[in-house]
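Asks: I am attaching a structure below and will ask some questions about it afterwards.
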Amino acid sequence: MARLESDSKAGFYPTPDVEMEHIVKRLSSNTEDLALLDPCAGEGKPMKMLQEHLDDVGSSSTTYGIELEKTRAKTAENYIDNVINCGYEESRMSHKAFGFMYLNPPFAQYQGDRLERIFFRDLTKPNTYLVEGSVVVLNMPQHVLSSMANLISQRLEDVRIYRFTDANFPVYKQVIVYGVMRKRRGSRDQVTKDMVERHAYLSMDQIPTIDIDDVIYNIPKAEKEVVLFETNFVDAEDVLKSLSETSILKKFEEQTSNPKLDSVNASNPAMPLKVSHMATAIASGALPEQMGNHLLVGVTKTKKTEENEYDEEKGVERKTETYQAESMIRVFTTQGVFNLE
């Protein structure tokens with residue numbers, strides 16, 4: 001799915017600081033070296049507030065943030081220990097390495113579904129980034145609970161829902177969902193599903209506010225360390241800048257120009273060449289691989305996509321695997337390796 005967040009770049013709704021202060025107060029830990037993930041990091045303040053709160057209760061932590069919009073990602077670097085500028089689907093992260101996730105996704109409809117549900121579905125898939133028992137905090141509009149209820153009841157347990165304070169709820173209409181990643185997957189908890197659905201329609205007075213003191217969620221230490229946290233997205237501007245600082249384009253023109261061909265009335269291709277066409281040409285030897293201090297290699301790889309969906313009729317979770325061949329050009333330079341897709 002290509003860059004879902006790009007449809008919601010303007011839909012940036014930072015949580016008021018006073019609400020975030022109450023959100024983090026409901027979190028604690030009795031261990032150290034925690035790994036905290038925010039896949040929609042914005043400008044990074046929520047993770048910083050949580051990290052400072054955990055410091056106050058004696059738990060050290062390292063924060064990780066993903067933010068698509070470049071300006072916000074740059075700002076987030078001032079508040080979050082590790083930030084990557086991309087969409088979550090373009091990130092590469094260690095599995096079972098995070099004990100906490102704060103998810104405040106874009107609030108929008110997307111191809112007949114809700115972005116809130118899509119983000120939550122993808123980021124809480126079994127045996128991926130979060131360990132069993134991880135604490136998950138969701139920030140979303142109240143009415144979205146109805147479309148989220150089934151998935152929440154499959155993925156989370158010990159679920160509780162609170163709303164923004166009286167001062168902000170009438171304006172924002174947002175609720176905070178706390179839960180723990182279930183150890184038993186594949187079937188929904190009907191009691192949880194009914195409870196979440198019911199909260200989508202409750203009046204303001206019927207939902208407890210986030211500023212009351214009751215339940216504390218303890219964040220566990222993950223099974224593994226975070227050794228991988230990077231983006232596989234290559235920014236076109238960065239590639240063009242790198243190319244402009246070298247002689248690769250001139251070398252390319254020199255080595256691919258042919259006086260005999262220049263004298264022939266060759267027709268233009270019906271459609272512009274894609275990267276996959278050039279990758280095939282390089283792999284076949286039609287185009288040179290060595291260009292100055294750059295090495296171009298045509299690469300074809302098979303991309304595997306897995307989806308876990310709950311079949312309500314059969315009461316089981318099904319795994320769907322899709323395979324697709326993708327061609328790209330891999331550029332080896334002294335500054336690093338770039339994939340032109």
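Asks: Kindly provide the set of residues from the stretch 25-35 that are closer than 13 Å to I176 by Cβ and crowded, with 19+ Cβ neighbours inside 10 Å, ordered by number.
Replies: R26, L27
Asks: Additional query: Within the set of pairs 6 or more residues apart or between chains, which connect a residue that is more than 12 Å from L156 (Cα to Cα) inside the stretch 186-208 to a residue that is among the charged types (D, E, K, R) with Cβ atoms less than 6 Å apart?
Replies: I207/R163
Asks: Within the stretch 156-180, work out how many residues are surrounded by fewer than 21 Cβ atoms within 10 Å (Cβ to Cβ) and not hydroxyl-bearing (S, T, Y).
Replies: So the count comes out to 11.
Asks: Now for a different question. Determine whether R184 is in the same structural domain as P220 (by TED's automatic domain parsing) and modelled with pLDDT under 95.
Replies: yes
Asks: With the structure loaded, tell me whether E21 is at pLDDT 95 or above and part of a loop (DSSP other than H, G, I, E, B) or whether it fails that test.
Replies: no
Asks: Would a scan of the stretch 124-134 turn up a residue that is assigned to a strand (DSSP E or B), modelled with pLDDT of 95 or more and out of contact with any Pro (no Cβ under 8 Å at 6 or more places or on another chain)?
Replies: yes
Asks: Go through the stretch 98-136 and count every residue that is among the aliphatic types (A, V, I, L, M) and over 15 Å from the mean Cα position of the chain (by Cα).
Replies: Of the residues in that region, 3 qualify.
Asks: Would you be able to say whether some residue in the stretch 40-58 is in contact with a Gly (Cβ under 9 Å, 6 or more places away or on another chain), under 23 Å from E307 (Cα atoms) and part of a loop (DSSP other than H, G, I, E, B)?
Replies: Yes, some residue in the stretch 40-58 is in contact with a Gly (Cβ under 9 Å, 6 or more places away or on another chain), under 23 Å from E307 (Cα atoms) and part of a loop (DSSP other than H, G, I, E, B).
The values are calculated or read from the model by the stated rules, or taken from the named source; none is laboratory data. Predicted model, so just to flag it, every value in this text is computed and none were measured. Glycine also receives a Cβ, built like all others from the backbone with ideal geometry; neighbour counts cover every protein chain displayed.
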